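We did not get these values from a lab; they are worked out from the coordinates using the rules stated. Being a predicted model, the structure only gives us computed values, none of them experimental. Because the Cβ atoms are built from the backbone with ideal geometry, glycine has one as well, and the counts that use them run over all protein chains shown.
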Amino acid sequence: MENGQYVIGVDYGTDSVRSVIVNTANGAEMASSVYFYPRWQQGLYCDAPLNQFRQHPLDYVEGLEFTIKECLKEASGKVKPEAVKAISVDTTGSSPIAVDETGTPLALLHAFAENPNAMFVLWKDHTALKEAAELNEHAKKHQPNYLQFVGGIYSSEWFWAKLLHILRVDEKVREACYSWVEHCDWVPFLLSGGKNIADMKRSVCAAGHKALWAAEFGGLPPDNFFASWDPLLKGFTERLFKDTYPSDVAAGNLSAEWAEKLGLSTDVKIGVGAFDAHMGAVGGQIEPYYLSKVMGTSTCDMLVAPMEEVGGTLVKGICGQVPGSIIPGMMGMEAGQSAFGDSYAWFRSILVWPMKMLLLSTKIVDQQTAENLMQEMTDKIIPELSQEAAKIPLNEKSELAIDWLNGRRTPDANQELKGVIANLGLGSNAPSIFRAVAEATCFGAKSIVDRFNEQGVPVKGLIGLGGVAKKSPFIMQMMADVMDMPIRIHQSEQTCAIGAAMFAATVAGIYPKVEDAMAAMGQGFDRAYQPNPENVAIYAKRYQQYISLGKAIENQTINFSA
């Protein structure tokens, strides 16, 4: 049995939750467990054509208990339960939910158990397009500019737009909804046994980037700002929050109920939560002015800078800049793409569909063999496409795509935009189209870097984190070539969970600040991709074509909407 102090990091992703037990002395991962949300896997409560993506809180609760118990079981020969000192949590966001006065999500009440509007409205849910457009127009009529710290444009993926949409479309939820809570704030509240929503410690990360909270406003914008937008919002600011907290602060201690359930002590500290990409940037050892790209289904691009250096600089069209949202004491800036890995998964689904329909109905082989073949082909499609696409010579006139398959997050949020594939011909094939889709995601990433540079916040380098960064040398080399900038890939497979563990170690008082936890627990980088000068020149021309095509599509969308 090892002597030492340990913490648990919990990372809620789009498809699953993962927990890790980490040695605070050196960042060694002692155990890990992942739980795929069963209701989400079945596609329950979602309607993709309507851009409705909802998740049941039971998926989160069950996954939390399962993964922590599994971790403790796996580490039982090495880690004593009493050596676990703290738990910190990150989640996707903005993924809010309606709660009653006790802080209980409405979907956990019998009357709302099957109502999607009473569930977590996942980050990629775009049902609030109308509400976001209204808020952007409404904000133009008011001073101060309440959108100034979120890039000047409010998104349908965020807190207030989603709240108003739910209130408008569901009278029963509207009547029962006392407050509106982010996933990353609710889980620490749950673990610490919260019974009154007024006691919930809200994270500065979620509040600043998605809910328009700012110290300069004295908290949230005033009630009359929201009530004059729509009377349904009247009184909500009073039932929400005024104060916010960074993630190096404790939300409370593990409750007696959860301590018994998990086999841990009530002395365990529970940290204030944050969004996955923010804690992922910490787990990936973010550095000032280095853009940390968490690359999964979407991307979140995080940048930190000393407060005294960025001063009053405001970067237009990003997802917000909030003091202390990533590293306490530093300015945290967020950008990102609404679809990254999702773009590749979409193309894979297109290719898989006829195989699935035909193979699973074949009479030549038995059903189990057909299912096994189907799974094998599905798993191999993207690696095979990547290998073949890498062999295609770069050509200025080859297929060209726009990566807005789930709208555009940044720069300049517009979730009504759609993806495009141009320059198709009879010679176009699956690898060449896949290459265009991959290239488009890299071009979208470059447009974010360009915006930071143009607005006076220099990007000095790139750090790659997440599944795509670790698994796809093809796309990472393309990223370096398109950006004309090296990209370092962090060694950790689980930067978000490890980042949560670093914050847990800080919350427990093992380290005085999270930078110290990063230095002690960070795992370093295992690979770097350098730009190929020959490719850089061709991609620079291709990028200009991407910009021109994107402008044409955006103008067409505006004209069509009008």
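The tail of the calculated P(r) for the stretch 320-392, taken as Cα-Cα distances beyond 18 Å, holds 61 percent of the pairs.
Overall, the ratio between the Cα radius of gyration of the chain and 2.2 N^0.38 Å, rounded to two decimals, is 0.95.
Shown in residue order for the stretch 282-288 are the 3J(HN,Hα) couplings computed by the Karplus curve 6.51 cos²θ - 1.76 cosθ + 1.60 at θ = phi - 60°: 5, x, x, 6, 4, 10, x Hz (x for Gly and Pro).
Placing a label point 7 Å from the Cα of Ser228 along the Cα-to-Cβ direction, the residues of the stretch 122-158 whose backbone N falls under 18 Å from that point are 134-148. For the stretch 477-494, putting each phi into the Karplus relation 6.51 cos²θ - 1.76 cosθ + 1.60 with θ = phi - 60° gives couplings of 5, 4, 4, 4, 5, 5, 6, 6, 7, x, 10, 8, 9, 6, 5, 5, 7, 10 Hz, in residue order, rounded to whole numbers and with x for Gly and Pro.
Tell me, in nm to one decimal, what length is gained between Ala215 and Val365 on full extension, where the rule is 0.36 nm per residue of separation less the Cα-Cα distance?
This chain segment gains 47.5 nm when fully extended.
Backbone geometry of the stretch 431-442 corresponds, through the Karplus equation with coefficients 6.51, -1.76 and 1.60 at θ = phi - 60°, to 3J(HN,Hα) couplings of x, 5, 6, 4, 4, 5, 5, 4, 4, 4, 5, 6 Hz, x marking Gly and Pro.
Taking R0 as 25 Å, what's the FRET efficiency between Glu137 and Asn423 from their Cβ-Cβ distance, rounded to 0.05? Intermediate values should be presented prior to the final figure.
On the way: r = 36 Å, r/R0 = 1.45.
Plugging the Cβ-Cβ distance into 1/(1 + (r/R0)^6) gives 0.10.
Projecting the Cα atoms of Ser338, Leu233, His183 onto the dipole axis of the chain, where Lys and Arg carry +1 and Asp and Glu carry -1 at the beta carbon, places Ser338 farthest toward the positive end. Selection among Met377, Leu314, Thr362 by position relative to the dipole of the stretch 305-393 gives Thr362 as farthest towards the positive end (Cβ unit charges, Cα centre). Projected label points at His110 and Asn453, each 7 Å from Cα along the beta carbon direction, are separated by 6.2 nanometres. Which value in Å is the Kirkwood Rh of the stretch 1-137 over different Cα pairs? Answer for the stretch 1-137: a Kirkwood hydrodynamic radius of 16.7 Å. Model label points for Met374 and Ala28, set 7 angstrom from Cα along the Cα-to-Cβ axis, are 4.4 nm apart.
Which net charge results when you count Lys and Arg as +1 and Asp and Glu as -1 among the other residues whose beta-carbon is under 13 Å from that of Val315?
-3
Given +1 at the Cβ of Lys and Arg, -1 at the Cβ of Asp and Glu and no other charges, the dipole of the stretch 115-226 around its Cα centre is 60 debye to the nearest 20. Around Gly13, with a cut-off of 10 angstrom between Cβ atoms, what is the net charge of the other residues, counting Lys and Arg +1 and Asp and Glu -1? Residues close to Gly13 contribute a combined charge of -3. Other residues with beta-carbon under 13 Å from the beta-carbon of Gln41 carry, at +1 per Lys or Arg and -1 per Asp or Glu, a net charge of -2.
The fewest-to-most ranking of Leu109, Leu358 by surrounding Cβ atoms within 10 Å reads Leu358, Leu109. Rounded to the nearest 20, the Cβ-based charge dipole of the chain about its Cα centre (Lys and Arg +1, Asp and Glu -1) stands at 680 debye. By the beta-carbon count within 10 Å of each Cβ, the least crowded to most crowded order of Asp47, Asp403, fewest first, is Asp47, Asp403.
Tell me, Phe159, Phe560, Phe149, Phe275 in order of fewest to most beta-carbon neighbours within 10 Å? Walk me through the numbers before you get to the answer.
Numbers: Phe159 26, Phe560 8, Phe149 22, Phe275 33.
By the 10 Å Cβ count, ascending, the order reads Phe560, Phe149, Phe159, Phe275.
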